[in-house]
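Heads up, the thing below is written out as structure tokens.
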Amino acid sequence: DAGVIQSPRHEVTEMGQEVTLRCKPISGHDYLFWYRQTMMRGLELLIYFNNNVPIDDSGMPEDRFSAKMPNASFSTLKIQPSEPRDSAVYFCASSLGTGNTEAFFGQGTRLTVV
Amino acid sequence: AQSVTQLGSHVSVSEGALVLLRCNYSSSVPPYLFWYVQYPNQGLQLLLKYTSAATLVKGINGFEAEFKKSETSFHLTKPSAHMSDAAEYFCAVTPRGSYIPTFGRGTSLIVHP
């Protein structure tokens, strides 16, 4: 397996624009996580899915953020409208449905909102 | 709620010196414990994990960690640091019966020549 694949790797956008981040998890993994990493707040869990169903989105900072998982092999994180304070690295991770297995992370998307 | 604390946001060592990165968790029931490493501009990758087998766990790149229930700790060590070990290290815990890891704030390891 190629691992967790995220696209794009880098995104620069203007304030107010819509941004869509994409993720392909590892085949067979039941859980998919979206994280945001910043210097100030570290690694924050935004939302996670189990078998394509959103389970907990309490980490999503505002209604401007939304996430979907239409099938087992694809998920999106959308920010609309984007703001400069959304600038961060966004990671997607997937794992099997057992607590003793690790999460596998993608390479991340570095988002810059100007 | 489960929490994990990494003492020291930055640790600086000389090449060849002992590396010690600290991690403590808060839970009455020992959770599953993980150490991840993040190299610049990359995602996190697993170094090692504790799943209630041996308390001393060996990982990749010469790292190991020891689970100590009495101290609720899972510190990461390496006998001799290499320049290539410079990276961000994250401790993570997953409570028993859960599938959701909680990550510490991370410790940046700096290795001097």
Quiz item: Residues in the range A:48-55: is at least one closer than 22 Å to B:Tyr99 by Cβ, open to solvent by less than 20 Å² (accessible area, probe 1.4 Å), within 14 Å of another protein chain (Cβ to nearest Cβ) and not acidic (Asp, Glu)?
Solution: yes
Quiz item: Taking the range A:27-49, which residues are within 14 Å of the chain's Cα centre (by Cα) and not hydroxyl-bearing (Ser, Thr, Tyr)?
Solution: A:Leu32, A:Phe33, A:Trp34, A:Arg36, A:Gln37, A:Leu43, A:Glu44, A:Leu45, A:Leu46, A:Ile47, A:Phe49
Quiz item: Of all residues in the range B:40-64, how many are in a strand (DSSP E or B), open to solvent by less than 60 Å² (accessible area, probe 1.4 Å) and within 14 Å of chain A (Cβ to nearest Cβ)?
Solution: 6
Self-check item: Residues of the range B:27-38 satisfying the condition of being open to solvent by 50 Å² or more (accessible area, probe 1.4 Å) and either modelled with pLDDT of 95 or more or within 10 Å of chain A (Cβ to nearest Cβ) (or both)
Solution: none
Quiz item: If you take the residues in the range A:64-114 that are part of a strand (DSSP E or B) and touching a Gly at 6+ places or on another chain (Cβ under 6 Å), which one is nearest to the other protein chains (Cβ to nearest Cβ)?
Solution: A:Phe105
Quiz item: Restricting to the range A:74-99, what's the tally of residues that are among the small types (Gly, Ala, Ser) and exposed (fewer than 14 other Cβ atoms within 10 Å of the Cβ)?
Solution: 1
Quiz prompt | Hits in the range A:57-73 - residues which are acidic (Asp, Glu) and open to solvent by less than 60 Å² (accessible area, probe 1.4 Å) | solution = A:Glu62
Quiz item: Which of the residues that make up the range A:24-73 are among the hydrophobic types (A, V, I, L, M, F, W, C), out of contact with any strand residue (DSSP E or B) (no Cβ under 8 Å at 6 or more places or on another chain) and within 21 Å of A:Ala88 (Cα to Cα)?
Solution: A:Met39, A:Met40
Exercise. Return the total of residues in the range B:65-86 being more than 17 Å from A:Asn100 (Cβ to Cβ), open to solvent by less than 10 Å² (accessible area, probe 1.4 Å) and assigned to a strand (DSSP E or B).
Key: 2
Exercise. Quick one: B:Phe90 ticks every box in (1) at the interface with another protein chain (Cβ under 10 Å from one of its Cβ atoms); (2) open to solvent by 70 Å² or more (accessible area, probe 1.4 Å); (3) within 13 Å of the chain's Cα centre (by Cα) except a single one, so which number is it?
Key: (2)
Quiz item: From the list B:Arg105, B:Arg96, which residue is within 23 Å of B:Leu56 (Cβ to Cβ), in contact (Cβ under 8 Å) with a residue 24 or more places away in the chain, within 11 Å of another protein chain (Cβ to nearest Cβ) and not in a strand (DSSP E or B)?
Solution: B:Arg96
Quiz item: B:Leu20 versus (1) within 14 Å of chain A (Cβ to nearest Cβ); (2) in contact (Cβ under 8 Å) with a residue 12 or more places away in the chain; (3) not in a loop (DSSP other than H, G, I, E, B): which is the lone unmet condition?
Solution: (1)
Quiz item: What number of residues in the range A:13-30 are open to solvent by less than 20 Å² (accessible area, probe 1.4 Å) and in a strand (DSSP E or B)?
Solution: 4
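The values are calculated or read from the model by the stated rules, or taken from the named source; none is laboratory data. Just so you know, these numbers come straight off a predicted model, no measurement behind them. Backbone-built Cβ (ideal geometry, glycine too); neighbour counts: all protein chains shown. Ligands, DNA and RNA are excluded from the accessible area calculation, which covers all protein heavy atoms including side chains. Shrake-Rupley method; radii C 1.70, N 1.55, O 1.52, S 1.80 Å.
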